[in-house]
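Reading through the structure tokens given below for one structure.
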Amino acid sequence: MSDSNTDTSRLDWSKGNGLLPAIVQHWLSGEVLMLGYMNAEALAQTRSSSHVTFYSRSKQRLWTKGESSGHVLVLKSIRIDCDADTLLVQAEPHGPTCHLGTSSCFGDSAQVRPPLGFLAELDALVAQRHAERPDASYTTKLFDDGIRRIAQKVGEEGVETALAAVVQGDDELLGEAADLVFHLTVVLRARGLSLADVVRVLAERHSGG
Ligand SMILES: [Zn+2]
């Protein structure tokens, strides 16, 4: 399936003397991570290696993001804009994108990410806890207790959310709803699933009318 926004043969390299701006966006949270410039060779290398690679105007050579820090950007997709002179690169960052240590060159996640993008971060954090099982983590304890205990928590939080909706204030409802979303994320992960899988189902339902 190709559409005019993915057909890179349309790119107009002449406008920027062989360089085009490339906006890099977190593929799940939507956070804008950085802006760089690509020439045709950088674009080709990005696609062949799956590591986002730019043409560095200061170094005057190809520069693979993370080549020295290890904080690479793993390519997920590339789209081009209506005028075929700007790239939108969706990527999965490994480590902070900015050399100053923030997740984005435009600041910290909390400042840059769209509000609902935090759900992607929560999902990733729960997946990390599942894989690494750090001591003294409540999430680790849940995974160690097993699916029945986690499922029980989802049930309890669901009931508490329902009760809060009827008889408590907004703060209490929001608190219970947050507990529910957290435990829902954990129970999905315990089954090898993610919030992204749930969002896919919701989106399919929506597009199906
Ligand atoms: Zn930066």
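No lab work stands behind these numbers, since they all come straight from the coordinates. All figures in this text were calculated on a predicted structure; none of them were measured in a lab. No Cβ is skipped: glycine too gets one built from the backbone with ideal geometry, and neighbour counts run over all protein chains shown.
Structure data summary
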quantity	calculated
Selected residue (criterion: surrounded by the fewest Cβ atoms within 10 Å (Cβ to Cβ)) from residues of region 174-209 that are over 19 Å from G117 (Cβ atoms) and in contact with an Asp or Glu (Cβ under 6 Å, 6 or more places away or on another chain)	D179
Given (1) in a strand (DSSP E or B); (2) over 21 Å from C82 (Cβ atoms), index of the condition A44 fails	(1)
Residue among L35, L62 that alone is surrounded by fewer than 18 Cβ atoms within 10 Å (Cβ to Cβ), under 24 Å from N17 (Cα atoms) and in contact with a helix residue (DSSP H, G or I) (Cβ under 7 Å, 6 or more places away or on another chain)	L62
Residue match in region 38-45 (condition: within 15 Å of the ligand (Cβ to nearest atom) and touching a helix residue (DSSP H, G or I) at 6+ places or on another chain (Cβ under 8 Å))	no
Answer from D135, D123, D85 - the residue that is away from the ligand (no atom under 16 Å from the Cβ), surrounded by 15 or more Cβ atoms within 10 Å (Cβ to Cβ) and in a loop (DSSP other than H, G, I, E, B)	D85
Subset of region 55-82 [polar (S, T, N, Q), away from the ligand (no atom under 16 Å from the Cβ) and on the phi < 0 side of the Ramachandran plot]	S77
Where A91 falls short, out of the listed (1) more than 16 Å from the ligand (Cβ to nearest atom); (2) surrounded by 15 or more Cβ atoms within 10 Å (Cβ to Cβ)	(1)
